[in-house]
Every structure is written in structure tokens, then in C-alpha cells.
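This report concerns only the one structure given below.
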Amino acid sequence: MKHICKQVKRAAAVIAILAMCLTAGGCGEEKTDVQIDPTDFMTQMLQQVKFDCDLYQIKPESVGNFFTLEEGTSALVFMGSGAYADHAGVFTSEDEAGAEKTLEMVQSYVEDLKQSFEDYMPEEAAKIDGAVVEQRGRYVVLCITSDDSAKSFIDTYFEDAASGGSTGSTEENSGTDASADPPAAENGDGTESDVEETSYPVIEKEGNVEKFGYVIEVGDTAYELYSYNEEAAEKYTAAVNQAAASLQGKTKVYDILIPLSSGITLPDRLYGEIPSSSQKKALQNIASKLNEDVNVVNPYDSLMKHRDEYIYFRTDHHWTADGAYYAYEEFCRTAGIVPIPREKHESVDFDGFLGSFYKDTKESKAMKKNPDSIRAYYPVSSGTSLTYTTTEGKTNDWDVIYDVSDYGASMKYSTFIAGDNPYTVIENDSLQDGSSCIVVKESFGNALVPFLADHYQTIYVIDYRYWNGNLTKLAEEKNADDLIFMNNLSMIRSDYLVGKLSSVV
């Protein structure tokens, strides 16, 4: 994308900017002190306005490669490939005076963009003539598309915000602050009924409860019992904190803490009756031990709001891709990027899945009669590829989502990123911004990683259980923007697995 954009030249384009304002509607807009959530605004725009190509978000730290931002100004910007002029963006300044300067800068950028396209793609340059560049209070909006509804969408969104309509307030979309005043996690004998505290959906499921070691079966569904381990939690958070300290100022560190199905979709009547610790309190307690330079992603509340949906498998301990998507949304909120709507992804279903719980329950007859179905979502980007390295050191090319129709009933979860391998690299040729991240995971992360493939040019996936390298050195060698831990609560209570993670940090 960078090859279509020259450095912004404000002074040289002033006359052209003034002329363009007449068509773009930017200079005469009435100022307003309305407050919006930029992430929600961009999410709605990408859903409601049509673009001629897939748009990719420019990483916040890379926006400066295209736009010269005033101090205190932030931006969410999306662009198409070099063959399309389509853009979408919102710039947030500290005040209206700052926004006025941002408006001039964006208008100059658009004029420069038009000149670039006129040289080799005049049909796209004509699209830029209809660019919408507007200031609304301390916000500046940019939209380049052939869809005439863009202006109407922007007007309606800001009018709704000014009138107090629902536009996704900052508080509502800020995610759960898992570290705020956390109560101590109980090692206790039962799970508290967290469901009663809010308006979460109610889950009613009939059936006798049968116990198979650490797994219970209710009808055709099984759940893993959970016991909080304070010592393991201390060691786990120490490892994550160490990684963040070593990479401070170089790589941002995120920690996505994943609850088990027994903490989310367990039937309400069983809360307080089964010997399982409160996962809500465990997540809060673990988050409280992480230092400020670790960006905590706690999807508990989001998953609970959707607990009556098919977000965890019945015959297996993993979450579904839909459950992983809600955690992906929480990560995006924390990272300041806009999630791609689920409906934008093509999907495929693989029926007949009988997972780990089926084996744990000695091949439950009820589960066999009603096996799970796996839905996988392909990345929106068309240029994704995957290469993985086995424990024997062999390298294979694969697909991010693989056709497992002919796989055995217990193997179908390996549709996601070729399953569990020590080292996997996912490339997105549709992005050329140099963005990269390292994902450190066990198998829960497999269903979440494909959603990230649209946001990074390169993703390095590490399964710490089988990899013997050093995370800090890898992050430095690859100049990784982000290091993302994706770990489930069952792992965080295991001294062995926490020890394996610590050994690679």
C-alpha cells in the first residue's frame, strides 16, 4: 500500500483542498461537541457502507507512515490493496482546534492520493473525487468508496450520537476490567452462581449428573471440573510479567485468559453443587497478578452474555470458533483495532466430531448419538498461507482452515491451523505493512488464531508444550509488534504446563 502514497504536502495542495471541500462536504460542517466511540463508528461503517475491495486496518503505530498526526491525535484507518483507492478512517483530536489541523492534513492526503492514482489507474482516481472528508467536533472522518450511502451513514451516526441514541458508548465497549478490585479466588468446594448477578441468559439442561474423574456428564454434554491453584497462578503470571519486562518498549504483550465451559455454559442448577472453583474469581485473581505493562484480555463477561449459544463443544473440552470469536472481539477492543464482522467470513461445517470428553466418559452413548459439529471461519484475506514445523523438524505447507471431512471423529478440531505444532508461520500477502505478532498457546488458541490472520502480515504461532526456543529472543529477532499469550484456566492450574511455559520465557 505504501507505494501508492507519497509524503503529505500540505502547502502545495491548499488550493486543490479548498476546491475539493465543495464536493466532499468537509469545510462547512457545523461543529459539535458530540462524543462517539471511534471503534464502534468504524465497525458500523465497515458493516453498512459497501467498499469495492476488502479493507485492511493500518496498525496504529504505522498510521504515521501515511498521515502526519498532530500530537494527541489518534486514528483508526483502513485501506484497500494498491489496486483500489477505497479508504475508511476516523481521526480523534484532543479538541476542535486540533481537528481543524487534522482536517487539512487528511484533505491534503486525499489530493495527493488522487494524483498518485491518476498516474496509473485513472478510474480509481475518479472515485476519489467523491471522497467524504468531514470534521465533526474533534473528529475527522474519511471515506473513499463508490457507495453513495457513505455520507448518509456518517450524518445519521453523528445525529444519533448527538441525540443520545445508541452508537456504542466508550464505557459499553471498553471490555471487562478484570483487574479492578479482584476478590480472592476460592480453592473451594463449589462454584458460586455468578449468573444471578447479571442478566446473563439462563441455561436449563435436564439429565442425571455422572462423574468420570475430573469430568462430569449431564445428558449429552460434559464439563471439566476446575480447581484454582494459587501457586501455579503465581508462577504463570511471573512468566508473563517477565516476558513483558524483557520486551518493554519493543513489543506489546497481551494475555488472553480463557475460561472453561464449566465456568460459562454449565446448567444453572448445578452452580454451587459440583466441586469446582469459581472461574470468574480465578480470572480476576490471575489478572490482578499481571503487571501494568501486560494488556489483559478477559472474555468472561462477553462469553457469559452468549452462554446460551453454541460457544463450547459438548463432547470436547475446547470452545467453538464462535466462542473464540467473542474473545477475538475483546482482544480487538484492548488492542485498539476493529474486529472484522463474523458474517464477512466464509465458513465451513464439519459434522461428526467426538472429542476428548467422549473418550473421558468411556464413549458416552448419549454423545455418540449427538456428536458435535465444527464450524470454521476462513480469513477474509485471500492471500493467507501457512507453514508448520513438526517436532521432528520437518516443514510442511498447509491451509489456515483445512478440509477435515475425511478425518476421524476425534481429529476434526485439527481443521484450525494444522493442529498443535511447535512452530507455525502464517503469512498474509494481502498486507504489506510489516506487521507481525507471536502467539503463545495450547490448543484453545487454534480456533482464535485464524481471526488474527487478517490483521498481521506475519503470525508466528508457538505451542510452548513442544517448542524449545526463547520467546524474548524470537520477538527481538522477528521485530514482533505484539506477543499474545492465549492460555486456558486448566493450563494455568497445571504445574507441569506452567513450568513448560516458563522454560521458553
Scope the range 60-71; condition free of Cβ contacts under 8 Å to residues at least 60 places away in the same chain, open to solvent by 40 Å² or more (accessible area, probe 1.4 Å) and in a loop (DSSP other than H, G, I, E, B); matching residues: LEU69, GLU70, GLU71
Options VAL209, VAL253, VAL218, VAL240: the member that is within 15 Å of ARG314 (Cβ to Cβ) and at pLDDT 95 or above: VAL218
Complete set of residues in the range 116-131 that are in contact with a strand residue (DSSP E or B) (Cβ under 7 Å, 6 or more places away or on another chain) and surrounded by fewer than 24 Cβ atoms within 10 Å (Cβ to Cβ): LYS127, ILE128
Meets criteria (within 28 Å of SER502 (Cα to Cα), open to solvent by less than 50 Å² (accessible area, probe 1.4 Å), part of a loop (DSSP other than H, G, I, E, B) and not aromatic (Phe, Trp, Tyr)) for SER277: yes
Options ASN295, ASN285; residue that is over 15 Å from the mean Cα position of the chain (by Cα) and either surrounded by fewer than 24 Cβ atoms within 10 Å (Cβ to Cβ) or polar (S, T, N, Q) (or both): ASN285
One residue from ASP322, ASP308 being open to solvent by 10 Å² or more (accessible area, probe 1.4 Å), among the acidic types (Asp, Glu) and touching a Phe, Trp or Tyr at 6+ places or on another chain (Cβ under 8 Å): ASP322
Pick from the range 351-377, criterion without any contact (Cβ under 8 Å) to a residue 40 or more places away in the chain and within 23 Å of TYR402 (Cα to Cα), ranking: least open to solvent (accessible area, probe 1.4 Å): SER373
Selection status of ASP454, under 21 Å from ARG333 (Cα atoms) and open to solvent by 10 Å² or more (accessible area, probe 1.4 Å): no
Single residue of the range 470-484 satisfying the filter (in a helix (DSSP H, G or I) and touching a residue at least 24 places away in the same chain (Cβ under 8 Å)) that is most open to solvent (accessible area, probe 1.4 Å): GLU476
Residue under evaluation ASP268, criteria (1) under 16 Å from PHE485 (Cα atoms); (2) at pLDDT below 95, criterion not met: (1)
One residue from VAL106, VAL140, VAL110 being touching a Phe, Trp or Tyr at 6+ places or on another chain (Cβ under 6 Å) and buried (at least 22 other Cβ atoms within 10 Å of the Cβ): VAL140
Any hit, the range 33-43, residues being closer than 13 Å to PHE91 by Cα, aliphatic (A, V, I, L, M) and crowded, with 20+ Cβ neighbours inside 10 Å: yes
Total residues in the range 311-345, condition more than 26 Å from LEU46 (Cα to Cα) and in contact with an Asp or Glu (Cβ under 7 Å, 6 or more places away or on another chain): 5
Residues satisfying the stated conditions in the range 144-153, i.e. in contact with a Lys or Arg (Cβ under 8 Å, 6 or more places away or on another chain) and under 17 Å from VAL110 (Cβ atoms): ILE144, THR145, SER146, ASP147
Odd one out for LYS151, checked against (1) in contact (Cβ under 8 Å) with a residue 60 or more places away in the chain; (2) among the charged types (D, E, K, R); (3) part of a helix (DSSP H, G or I); (4) open to solvent by less than 50 Å² (accessible area, probe 1.4 Å): (4)
PHE444 touching a residue at least 24 places away in the same chain (Cβ under 8 Å), closer than 16 Å to PRO379 by Cα and among the aromatic types (Phe, Trp, Tyr): no
Some residue of the range 484-498 being over 30 Å from LYS369 (Cα atoms), among the small types (Gly, Ala, Ser) and at pLDDT below 95: yes
Residue in the range 255-266 that is touching a Ser or Thr at 6+ places or on another chain (Cβ under 7 Å) and surrounded by fewer than 22 Cβ atoms within 10 Å (Cβ to Cβ) present: no
Residues of the range 42-57 that turn out to be within 12 Å of SER430 (Cβ to Cβ) and either assigned to a loop (DSSP other than H, G, I, E, B) or in contact with a helix residue (DSSP H, G or I) (Cβ under 7 Å, 6 or more places away or on another chain) (or both), as a count: 3
Out of VAL380, VAL348, sole residue that is open to solvent by 30 Å² or more (accessible area, probe 1.4 Å) and touching a helix residue (DSSP H, G or I) at 6+ places or on another chain (Cβ under 7 Å): VAL380
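The values are calculated or read from the model by the stated rules, or taken from the named source; none is laboratory data. All values reported here derive from a predicted model rather than from experimental measurement. Don't worry about glycine lacking a Cβ; one is built from the backbone with ideal geometry, like all the others, and counts go over all protein chains shown. The protein model used for the area step is the full one, side chains on, heavy atoms only, and it has no ligands, DNA or RNA in it. Shrake-Rupley method; radii C 1.70, N 1.55, O 1.52, S 1.80 Å.
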